[in-house]
Every structure is written in structure tokens, then in C-alpha cells.
Amino acid sequence: QLRLVESEGGTVEVGGSLTLSCTASGRAPATNWYRQTPGNERDFVAGIIGNSGTNYADSVKGRFSISRDDPTNTVYLQMNNLKPEDSATYYCNAVTSTDGDDKNHWGEGTHVTVSS
């Protein structure tokens, strides 16, 4: 079972920046960040495959950046120009594949609050 550990979130002022990290217990080429607010579904935020394939939700394009450090199995989510609507619990997700079967792994989540 792949274990994912997210860094601590926090409270940031509107327009501020925050970087989240997700460290995996093993190799996880396909890693994503999702976020969720109470009563809502978990939404995709950003994803990275390998070292160059990235994808972002429209709501965060141009403000968030996802990157990877292979030696430490860590994926970072740099969040800039934060808005109140970015407040959520952020979850790291990794997808591993064994014999063609994909398996989702999730971190426990970390809270981000953007205060106005």
C-alpha cells in the first residue's frame, strides 16, 4: 500500500502564497491534488505524470504550479494569488497500476484557509 503524507496547510491572506507537499512511500509517477469543501465533491486541482506532464483545473490555471522531486518521491503544489474560494481541504492522490489494474491512493488531507 502506497502511503502519502501531505504537509501541513495553514491560513493565508488573500493574494498570498502557500506550497503544499506530498511525500510518497514509494514511486508514484501519476500524482494529483484534489480539494474538497464541506458538502461538496472532491474536485481535481492539478496533476503531474512523470516530470513534465501537468494538468490543471481551469480555476487554478496561471496561479498554481505542480512539480516533482524524484529522489524524495515528493510532489509540490505551489499556490499563488490565493483567493477565498481556494479554501478547502487538499488531498494528495496517486494512481498506481499493477497488471493493468489502476489503484487510487489518498493522503489524509490538509486544510487551507484563505482569509480576506
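The values are calculated or read from the model by the stated rules, or taken from the named source; none is laboratory data. The structure displayed is predicted, hence computed values, not measured ones. Positions of Cβ are generated from backbone atoms using ideal geometry, with glycine treated the same way; all protein chains shown enter the neighbour counts. Areas reflect the complete protein model, heavy atoms only, side chains present, ligands, DNA and RNA absent. Shrake-Rupley method; radii C 1.70, N 1.55, O 1.52, S 1.80 Å.
Report, to the nearest whole %, how much of the accessible area of the chain belongs to carbon and sulfur atoms, 1.4 Å probe, protein only.
43 percent
Near G16, within a Cβ-to-Cβ distance under 15 Å, what is the net charge of the other residues, with Lys and Arg +1 and Asp and Glu -1?
On the way: positive: R63, K83; negative: E13, E85, D86.
Around G16, the surrounding residues sum to -1.
Excluding V75 itself, what net charge comes from residues whose Cβ is under 11 Å from its Cβ, given Lys and Arg +1 and Asp and Glu -1?
On the way: positive: R68; negative: E6, D69, D70.
Summing Lys and Arg as +1 and Asp and Glu as -1 gives -2.
Can you give the accessible area per residue of the chain, in Å², using a 1.4 Å probe? If you can, show how the numbers build up before the last one.
Working: 6410 Å² over 116 residues.
Value returned for the chain: 55 Å² of accessible area per residue.
What is the calculated FRET efficiency for S25 to N55, with r their C-beta to C-beta distance and R₀ = 30 Å, to the nearest 0.05?
Working: r = 24 Å, r/R0 = 0.79.
The pair S25/N55 has a calculated efficiency of 0.80.
Got the relative contact order for the chain handy, in percent, Cα pairs under 8 Å and 6 or more residues apart?
Computed over the chain, the figure is 36 percent.
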